[in-house]
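Peer 1: One structure, pasted below without further comment.
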Amino acid sequence: MLQEEQKAERDWRYNPISKIKHFTRIKTSKAFNGVYRHATKTWHTPYFVLFYQKTDSYQVGFVASKKIGNAVHRNRAKRLLRGHFIAECDRLGTGAYVLVAKPALLGETYDTTHKAFLNALRKSRALKQRPEHLKQNLTD
């Protein structure tokens, strides 16, 4: 049993996207371009751009161009976006999500960018809808 836990921890460490349970990664430029062209919603923030395409599957991609900086900065930007996504992945509905980092992302705190991330998800209507019986209990 201990070996299985160590293996699971090791696998997560080397592949943090596996923490996002039911999402598959968007890897090819063709898949990215499909989301860019057919996005249901696009939301710009000072820190990133969210492209959301309503589909039946769960897909996610993270992009940081050379405008962000060198490889260290690009990887940090993608890590920050991935962290925001992992924190909220249980609340997200089906669809393809592409997050494109902007240079301002690296200069802000995690809390500030996380608030912007939640706001972008709300505005793009990507969050799962609450069941009706929970909505009624909140209003009472």
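Peer 1: Give me the residue from the range 12-50 that is outside any strand (DSSP E or B) and farther than 23 Å from R74 by Cα and, out of that set, modelled with the lowest pLDDT.
Peer 2: My answer is K21.
Peer 1: Just to be sure before I move on: is I68 not in a helix (DSSP H, G or I) and not small (G, A, S) in the structure I sent?
Peer 2: Yes; evaluated as a whole, the condition is true for this residue.
Peer 1: Please list, ordered by first then second residue, the pairs with beta carbon atoms under 7 Å, 6 or more apart or interchain, first in the range 55-81 and under 20 Å from F32 (Cα atoms), second of a type in the set (D, E, K, R).
Peer 2: V60/R25; G61/R25; F62/K78; F62/R82; A64/R74; A64/K78; I68/R74
Peer 1: Select from the range 72-113 the residues that are part of a loop (DSSP other than H, G, I, E, B) and modelled with pLDDT of 90 or more and write down the one among them that is surrounded by the fewest Cβ atoms within 10 Å (Cβ to Cβ).
Peer 2: The qualifying residue surrounded by the fewest Cβ atoms within 10 Å (Cβ to Cβ) is T109.
The values are calculated or read from the model by the stated rules, or taken from the named source; none is laboratory data. Computed from a prediction, not measured in an experiment: that's the story for all the values here. Note: ideal-geometry Cβ built from the backbone for every residue, glycine included; neighbour counts use all protein chains shown.
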